[in-house]
1. Of the residues Val7, Val31, which is more than 24 Å from Tyr106 (Cα to Cα) and modelled with pLDDT under 95?
2. Out of the helices (runs of 4 or more DSSP H) lying entirely within segment 6-90, which hold 3 or more residues that are touching a Cys at 6+ places or on another chain (Cβ under 8 Å)?
3. Go through the residues of segment 98-113 one by one and say whether even a single one is modelled with pLDDT under 90 and over 10 Å from the mean Cα position of the chain (by Cα).
4. Which residues, counting only those in segment 49-64, are at pLDDT below 95 and either in contact with a Ser or Thr (Cβ under 6 Å, 6 or more places away or on another chain) or of a type in the set (Phe, Trp, Tyr) (or both)?
5. Does segment 59-68 include one or more residues that are surrounded by fewer than 18 Cβ atoms within 10 Å (Cβ to Cβ), in contact (Cβ under 8 Å) with a residue 40 or more places away in the chain and of a type outside the set (Ser, Thr, Tyr)?
6. Identify the single condition in (1) out of contact with any helix residue (DSSP H, G or I) (no Cβ under 9 Å at 6 or more places or on another chain); (2) within 18 Å of Asp15 (Cα to Cα) that Glu107 does not satisfy, given that it satisfies every other one.
7. Taking segment 91-114 as the region of interest, how many residues are without any contact (Cβ under 8 Å) to a residue 60 or more places away in the chain, touching a Leu at 6+ places or on another chain (Cβ under 6 Å) and either over 21 Å from Gly131 (Cα atoms) or not in a loop (DSSP other than H, G, I, E, B) (or both)?
8. Please work out which residue is modelled with the lowest pLDDT, limiting yourself to segment 130-140 and to residues that are farther than 22 Å from Leu76 by Cβ and not hydroxyl-bearing (Ser, Thr, Tyr).
Amino acid sequence: MSSHQAVTILLVEDDAGHARLIEKNLRRAGVSNGIIHLDNGQKAVDFLFAEEIANHLPLLILLDLNMPVLDGYQVLSRIKADERTKCVPVVMLTTTDNPQEIARCYELGCNIYVTKPVEYEQFSEAIRNLGLFLSIVKVPDEA
């Protein structure tokens with residue numbers, strides 16, 4: 001993302017190893033934005049709808065599907081149903097490549113769906129490519 005736009009990336013991922021790899025490979029791709037990592041969907045909802053967060057947008061969310069407490073579908077539904085957050089871009093970043101689940105995420109309002117490869121090298125490359133893509137993305141100044 002361009003340097004003049006202070007976009008914070010909210011990474012919602014319950015697998016600590018995946019979270020470390022995602023952050024490492026985003027950095028390798030030149031993404032220098034702040035990254036906040038939360039390890040379950042409920043923490044993401046609590047964070048997004050906390051009173052003080054409304055003044056800390058813009059955000060871009062990288063959201064896993066299969067998580068404890070609230071899953072990615074529930075988090076995505078809440079984000080897109082609320083006026084304050086409906087314009088926040090959400091990238092689904094998950095190992096699930098089931099066509100019905102992909103369609104469901106788009107129906108719920110996700111902006112991009114990326115499947116995390118299982119193999120380490122392919123996973124790293126996919127995240128670096130995502131980082132290159134994110135480096136040119138523009139997000140709304142306010143949700």
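The values are calculated or read from the model by the stated rules, or taken from the named source; none is laboratory data. Since the model is a prediction, treat every value here as computed from it, not as a measurement. Glycine gets a Cβ as well: all are built from the backbone with ideal geometry, and neighbour counts include every protein chain shown.
1. Within the list Val7, Val31, the selection yields Val31.
2. Those helices (runs of 4 or more DSSP H) span 72-81.
3. no
4. Within segment 49-64, Phe49, Leu59 qualify.
5. yes
6. Answer for Glu107: the failing condition is (2).
7. The number of residues fulfilling the criteria is 5.
8. Step by step, filter segment 130-140, then rank; the result is Ile136.
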